[in-house]
Structure formats: C-alpha cells, structure tokens
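Only the coordinates and a few stated rules stand behind these numbers; no lab work does. Keep in mind the model is a prediction, meaning the values are calculated, not measured. With ideal geometry, Cβ positions are generated from the backbone for all residues, glycine too; neighbour counts draw on all protein chains shown.
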C-alpha cells in the first residue's frame, strides 16, 4: 500500500474509532503496534514496561480519537506523540525508592594500574629501551618497524633495500638478542 493510502486508511480508522467502532481500533493496533512499541521500548528500556505503556496508549486512542485532526498532523505522528509522551510520563513516575541505598553498594574495583604496577611497567619499558639500544641500527630499525609500526617483513625488506630472507634473519637475531638482554 502506498504511503498516502496508508495515511488515509489510518486517518479513516481513527475517525471510526472516535465513533466507537472497536474493529477500527483493532485495525489501528495492527498497523501501528510495532512502531509504537519500538518508541516505548527505546524510551523505557524494558520490554514489560513498554508493553504496559503500549496498552495505555491504545486506551488513550480509544478515548481520545476524536481529538485527532488530520489537518494538523499525520495519524502516525499523532499516535507516536501519544506513545512518546506516555513513555516519558512512565519514566518520570518511576520511584527513586527502587534504587538501593548508597551503603548497599559493594566496593568498586579501580581499573587503573596500581602505583607498583606503574613502576614495574616503567622499569620494563626502560629495560626494553636499553636492550634495543644494544642492537645494531639495521636490527633496531627492523624491530621497530615490525613491532611498533606494524610493517610486514616484505615492506621492511623493500624499505631497507635488502632481500626478504635477510630482513627475516635480522629480525630473528634481534629478537634472540633482546630476549637474552631482558633475561639478564
């Protein structure tokens, strides 16, 4: 069905609902419940509450369908506004008493490193820097390119103007030397 035809059918169903025709409300429900439920769910965050509010929306539509003015808004806009407002009203009515007292909260772990952990990291970083300083320049550059800059061995070999096998050997030997240095 084309959007204009859908809009007109929904407007006609609202007019019939205003006259008290229950099948018209059923038609409105079938055409709009998924969209209106989505609006309620997005605002409330809980499906059970969204279902309750959706029921309130259709009760409001049944009682207030005569208030719909096709000259002021489209039917779905009017219905969506009712759903949105009802959901917001529900959020506002939530009792702050549902929350636990602050004393009931357990201790919260601090995700940051401890001072000792930060010192250990700094020490390891210093040791790694010192060990990198003991490598020959081509090996140090290859390690930095591969493990710090993320270059592939092929790219490093091209950049260094050396065969791929040579680059792999430089990196392998450099890693062996680094491991030995760090284990001292």
Review point. Full extension from residue 5 to residue 183: what is 0.36 nm times the residue separation minus their Cα-Cα distance, to one decimal in nm?
Key: 56.3 nm
Check your understanding: For segment 51-90, what value does the Rg/Rh ratio take when both radii are computed over Cα atoms and Rh is the Kirkwood radius, given to two decimals?
Key -> 0.97
Exercise for review: Equivalent ellipsoid semi-axes for segment 116-183, as square roots of 5 times the alpha carbon gyration tensor eigenvalues: give them largest first, rounded to whole Å.
Suggested key: 25, 12, 9
Exercise for review: Could you line up 16, 158 from fewest to most neighbouring Cβ atoms inside 10 Å?
Suggested key: 158, 16
**Study point:** Rg/Rh ratio calculated on Cα atoms of segment 3-95 (Kirkwood radius)
**Key:** 0.98
Point to revise | residue 88-residue 136 pseudo-label distance in nm [points 7 Å out on the Cα-to-Cβ vector] | key: 7.3 nm
Review point. Given Cα pairs under 8 Å that are at least 6 residues apart, what percent is the relative contact order of segment 116-183?
Key: 36 percent
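Find the relative contact order for the chain and round it to a whole percent, using C-alpha pairs within less than 8 Å whose residues are 6+ positions apart.
It comes to 17 percent, rounded to a whole number.
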Exercise for review: Compare 27, 56, 123 in a GNM of the chain, Cα atoms joined below 10 Å, and give the one with the largest fluctuation.
Suggested key: 123
Check your understanding: Which whole number of Å³ per residue matches the convex hull of the alpha-carbon atoms in the chain?
Key -> 272 Å³
Check your understanding: What is the helix-to-structure angle for 3-18, meaning the angle in degrees between its Cα long axis and the longest Cα principal axis of the chain, kept from 0 to 90 and rounded to the nearest 10?
Key -> 50 degrees
**Study point:** Crossing angle, helix 75-93 versus the chain [Cα axis fit, 0-90 degrees, rounded to tens]
**Key:** 70 degrees
Review point. What ranking, highest mean first, results for peptides 43-50, 141-148 when packing means the other Cβ atoms within 10 Å averaged over each residue?
Key: 141-148, 43-50
Review point. If one takes the longest principal axis of the Cα atoms in the chain, at what angle in degrees, from 0 to 90 and to the nearest 10, does the Cα axis of helix 164-183 lie?
Key: 90 degrees
